[in-house]
1. Does the stretch 144-154 contain at least one residue that is over 15 Å from THR329 (Cβ atoms) and not in a loop (DSSP other than H, G, I, E, B)?
2. For the stretch 298-312, does any single residue satisfy the condition of being modelled with pLDDT under 85 and in a helix (DSSP H, G or I)?
3. Return yes when ILE339 is at pLDDT below 75 and in contact with a helix residue (DSSP H, G or I) (Cβ under 7 Å, 6 or more places away or on another chain) and no when it is not.
4. Restricting attention to the stretch 244-273, which residues are in contact (Cβ under 8 Å) with a residue 24 or more places away in the chain and part of a helix (DSSP H, G or I)?
5. Out of ARG168, ARG185, ARG121, ARG156, I need the residue that is over 30 Å from VAL301 (Cβ atoms) and within 28 Å of the chain's Cα centre (by Cα). Which one?
6. May I ask you to verify whether PRO292 is within 30 Å of ILE194 (Cα to Cα), part of a helix (DSSP H, G or I) and either touching a Phe, Trp or Tyr at 6+ places or on another chain (Cβ under 6 Å) or at pLDDT 85 or above (or both)?
7. Could you list, in sequence order, all residues of the stretch 136-160 that are surrounded by 12 or more Cβ atoms within 10 Å (Cβ to Cβ) and free of Cβ contacts under 8 Å to residues at least 40 places away in the same chain?
Amino acid sequence: MNKVFLLIVTLLALSSVALAQSEMAHARTDVFGSSSCMGCHGTSAMGGLGPPLAQTKLTEEEFVKTVRKGKGMMPPTPEAMLSDQDLRTAYAEVKSKPWDDTQIPLAYRVGSMLSTKVVARIFMVAGILSLLLSLWVLRYWVKLANLGKLRPALKRFGVGKAAFVFIRSLFVDGLFVASLWRTNRFRWAMHGLILYGFLGLGLADILMQINDPTRAKLPMDHPIKVFAVICGASVISGVFYVMFRYKTDKYVDNGVTLGRDFLFVNLLLHSIFSGFLTLTLSRTGAFTWVMPVYIYHLLTVLTLIVSMPFTRMNHIFVVPVMAGLTAVTDAIVKSGVEIAFDREPSPGRHHKSVAIAESVLKQVDPESAGEFRLRYYP
């Protein structure tokens, strides 16, 4: 009886050991499926955010080197996260996985065409197109400023001196918006949230391209990443204020570009929000959604850039130039070189606009001729 009991116990023990060894062997052959690699390259190794790895052509040494050092947007994986033994097991797994074209995600097929170089070229073309359209729009406003009548006086005043006045105005009245600072500092601050946040995002993107051209994952505490996040939050805050004004300011409609302006504000909000969402999804491991959201982000930014010259956002370049021309005209009048502009100012100057408004109101509503306030919408 004791011998039978001992035999049963021995068989059970051997079965347990065999089962444990089988489970361990199975676990070792499922390294890829339980690692962070699957998040980017898909459960079947047929791609996701990253390329397909099934039937990889890489040698084992090349595979290990790529994983350890990273490549492109793929971050390096230290041994603490994936041991050398598990890494080589993962290589054997993906090497043996079957290739199935139908399993390649659409997001990867589209994303594979959006390398950093391709994206840079697309935005370069969009930027050039936006610049040409902006110059075309600016030409219209400069023509209204009657620059031709100012040219003879410019020569007597001094072209170099006029250039200094113009450039100074570009910074003081354009970049720093000094006139708004003097009249309404709260509005200046709200205006600055979008203006300086938008410029900051452009600067952050340039710095990113210089320091991290492959757009690999920088740590969230990296100065460039922190700067970009702050600028993005600034723009979103400014956009929310603008939307609040759209609902509360009865004078916000200029009768010409309200629809386009509203579209631009919404595109700006969507582009910043989708940028934050792409970053969040990538950091939290929701890789299935990263590429679709990233593509949507690129499309909104492209539309934003191309449409900008035709919305109220064009005052980023129109207002500084017009203010600069007015500053030059004022300097010419004050110098005594030409005082005709003091009596009959060039179009675009405030007191000329006031005179026109008064003349119109006297004909339309004489009783209200002296009760009005000019609002400017370039």
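The values are calculated or read from the model by the stated rules, or taken from the named source; none is laboratory data. Quantities reported herein were computed from a predicted structural model and do not represent experimental measurements. We place every Cβ from the backbone using ideal geometry, glycine too, and count neighbours over all the protein chains shown.
1. Scanning the stretch 144-154 turns up no residue that is over 15 Å from THR329 (Cβ atoms) and not in a loop (DSSP other than H, G, I, E, B).
2. Yes, some residue in the stretch 298-312 is modelled with pLDDT under 85 and in a helix (DSSP H, G or I).
3. yes
4. Passing the criteria: ARG260, ASP261, LEU263, PHE264, VAL265, LEU267, LEU268, LEU269, HIS270, SER271, ILE272, PHE273.
5. That would be ARG185, the only listed residue that is over 30 Å from VAL301 (Cβ atoms) and within 28 Å of the chain's Cα centre (by Cα).
6. No.
7. GLY158
Let's see how each residue does on (1) assigned to a helix (DSSP H, G or I); (2) touching a His at 6+ places or on another chain (Cβ under 9 Å); (3) within 30 Å of ILE272 (Cα to Cα); (4) among the small types (Gly, Ala, Ser):
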position: LYS161; (1), (2), (3), (4): yes, no, no, no
position: VAL165; (1), (2), (3), (4): yes, no, no, no
position: ILE194; (1), (2), (3), (4): yes, no, yes, no
position: GLY197; (1), (2), (3), (4): yes, no, yes, yes
